[in-house]
Amino acid sequence: MNDSMEIDEVDSSILRLLRENARMSFTEMARRSGISDATIQNRLKRMRERGVVERFTVMANPEATGYTVTAIMLLQTDSEKHDDAKQALSVLPEVSEVYSVLGEYDLFIKVWAKSLEELNRTINDDIRSVDGVEDLLEIVAVERVKEEAPPV
């Protein structure tokens, strides 16, 4: 975020509606929230300019697109190669999230695959071959219970 900005209840209401449906019209948001569409438009413009709203996006159902396997991985990296390793992992198409973390492990990543065989190939051919990755712990998810952006 460029400038710090307080998020008030009006901004939070707008963000909640957009989180529910990023294609919702200003008129529909006004009807559902009781906030005028001009206020919604101005507030949204300001939140975009200040970096509160980074982008509008679609969340596809992973199963519908063939990605039936989700894995969470904790990685240990060589401290001198940590930055290069996290950059290399972040460009792999199967990796949807990369976080630097504190504790026994250095990185937390989320990986999608269409099968266990594809996940195995991604781990062995792509992730383990990243320079600086020393060790990893794989956790394969068996059920997606909840997955969404943080609350506003």
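The values are calculated or read from the model by the stated rules, or taken from the named source; none is laboratory data. Computed from a prediction, not measured in an experiment: that's the story for all the values here. Methodologically, a virtual Cβ is constructed for each residue, glycine included, from the backbone with ideal geometry; neighbour enumeration extends over all protein chains shown.
Below, the figures for the structure above:
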read-out: Residue pairs meeting the criteria (Cβ under 8 Å; at least 6 apart or on separate chains; first in contact (Cβ under 8 Å) with a residue 24 or more places away in the chain, in the range 125-136; second surrounded by fewer than 17 Cβ atoms within 10 Å (Cβ to Cβ) and part of a helix (DSSP H, G or I)); value: Asp131/Lys81; Asp131/Asp84; Gly132/Glu80; Gly132/Lys81; Gly132/Asp84
read-out: Test: residue in the range 82-89 that is assigned to a loop (DSSP other than H, G, I, E, B) and modelled with pLDDT of 95 or more; value: no
read-out: Among residues of the range 40-84, those that are among the basic types (Lys, Arg) and loosely packed, with under 13 Cβ neighbours inside 10 Å, counted; value: 2
read-out: Matching option when the condition is on the phi > 0 side of the Ramachandran plot and within 21 Å of the chain's Cα centre (by Cα), among Gly34, Gly66; value: Gly66
read-out: Unique match (being part of a strand (DSSP E or B) and more than 30 Å from Asp11 (Cα to Cα)) among Asp135, Asp126; value: Asp135
read-out: Residues satisfying the stated conditions in the range 85-106, i.e. under 22 Å from Ala149 (Cβ atoms), free of Cβ contacts under 8 Å to residues at least 12 places away in the same chain and either surrounded by 12 or more Cβ atoms within 10 Å (Cβ to Cβ) or among the aromatic types (Phe, Trp, Tyr) (or both); value: Ser90, Tyr99
read-out: Single match in Ile123, Ile139 (criterion: within 23 Å of Val91 (Cβ to Cβ), surrounded by fewer than 13 Cβ atoms within 10 Å (Cβ to Cβ) and either hydroxyl-bearing (Ser, Thr, Tyr) or in contact with a strand residue (DSSP E or B) (Cβ under 7 Å, 6 or more places away or on another chain) (or both)); value: Ile139
read-out: Answer residue from the range 142-152, given it is without any contact (Cβ under 8 Å) to a residue 12 or more places away in the chain and either β-branched (Val, Ile, Thr) or in a strand (DSSP E or B) (or both) and is surrounded by the most Cβ atoms within 10 Å (Cβ to Cβ) among those; value: Val142
read-out: Selection from the range 32-81 of residues that are of a type in the set (A, V, I, L, M, F, W, C), in contact (Cβ under 8 Å) with a residue 40 or more places away in the chain and not in a loop (DSSP other than H, G, I, E, B); value: Met47, Val69, Ala71, Ile72, Met73, Leu74, Leu75
